[in-house]
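Report on the following structure.
The values are calculated or read from the model by the stated rules, or taken from the named source; none is laboratory data. Computed from a predicted structure; not experimentally measured. So basically every Cβ, Gly included, is an ideal-geometry build from the backbone, and we count neighbours across all protein chains shown. For accessibility, only protein heavy atoms count, side chains too; no ligands or nucleic acids. Shrake-Rupley method; radii C 1.70, N 1.55, O 1.52, S 1.80 Å.
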Amino acid sequence: MRNMKYFCTVKRVKYTLTAAAICLISLICSEIHAATHAAQPDMSGDSVKISLLTCAPGDEVYSLYGHTAIRYTDYNKDIDVAVNYGIFSFSKPFFILRFIFGKTDYEMGIMPFDYFCMEYAEEGRSVYQQELNLTASEKAAIRDAIDTNYLPQNRVYRYNYFYDNCTTRARDILVNNIEGQVSYPGENQVYPSYRELIHSFNENSPWARFGNDILLGVKADKKTSVKERQFLPFFLKDDFDKAFIKDKGGNTRPLVKHTTCIVDCPAGVGKSVFPLRPSMCAWLIFAIVTTITLLEIKQKKKYWGLDASLMVFDGCVGIIIFMMFFSELPATNTNLQILLFNPLPLFFVYKVTKRTIKKQPSRFWPWAAGVLVLFFLCGIFQQYAEGMYVLASSLLLRCVWNSVEQHKYLRPKQ
């Protein structure tokens, strides 16, 4: 009898422990299930997220202005990729010439999102994500547009820095597939020119700015609209933050759900490798030209090598600007700096130098002085590169001095 009671007691304890273990396991499973759904709240509904990615500027010339991409995530299908419209290769034949003539082709690429973030983290460049407030049908339309755009015959496009670049491409594929009108605050305002907008990003890279300003013409000084300024990634980011969507029924919703920094790196301050700014170099040239001119006056001697060097320098830079007149880039084909730098001195340098050595007059100098005066007057239509007025003053000084000096050759001998 005692054995029977002992057996029943042991059995009850076993059942109690088993029930407790089942309850504990159920509790742990419930917590795991809840944590999983907290990490991926969209699993019960729309599993797709589409975001605009904005990358901070880098140290290379082509990365000074930042970059834009699209993040496409589908939790149900385990898809998380970055759609990038900024793929190009320096190794392609005649890359520099093609770039100058506006014949540079960029390509759309798709890569795993983690790799995209790793690349920018290694470069020390932050990445900001703006999750867009889209309906399921809008997300499907954007997905289909990306798939179509990624077909081999559609991936490559003719790059245009102001009007069709990796940022405007990302914007257009998003905005053009939204069911409604995307509106930005300040759409009726006038914004700074293209040149002024890029100046806000290359202040710490004066020689990169100088190179841009040498190649850009009058059209770069055109004032921009809110959409035109969105060729720069961070202006697009700011405009998206403030934008809203108005559907056909008149209802509005913000374009962006929320913004986060997914790669957080300290903001670097790029510094120019060369210690002198373009304006300092221009003033140095002016000082040399002025000193030699004063020596000529004092010593009554002609240093013809200075004028020959200046004419060769002027003509060589002029070839580059002249070539830009045939570029497909619309902001470069009307450049008034051609009045300062043009190829013509290369055709006259030998003849002018020969006549100077023989102390014979040349009509080149008064002609060149007139063109330089026109250059100064045209400054009201175009913003010139840094130091251009100083360089023009150096050349004008030589033109005026040579024009005055050669009158001695025309005086009759006593």
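Brief remarks on what is shown
- Normalised contact order of the stretch 180-276, rounded percent, pairs of Cα under 8 Å and 6 or more residues apart: 38 percent
- Take every pair of alpha-carbon atoms less than 8 Å apart whose residues are at least six positions apart; their mean separation over the length of the stretch 102-184 yields a relative contact order of 46 percent.
- For the stretch 355-376 versus the stretch 273-318, the gap between their alpha-carbon centres in whole angstrom: 16 Å
- For the stretch 305-395: accessible area per residue (Å², 1.4 Å): 48 Å²
- Under 5 Å from the amide H of residue 86 lie the amide H atoms of 109, each residue being 5 or more positions distant or on a separate chain, with H modelled from the backbone and absent for Pro and chain starts.
- Per DSSP, loop chymotrypsin sites (Phe, Trp or Tyr not before Pro) in the stretch 297-380 with at most 16 further Cβ within 10 Å: 303, 325, 326
- Sulfur and carbon atoms: percent of accessible area, the stretch 71-201 [1.4 Å]: 53 percent
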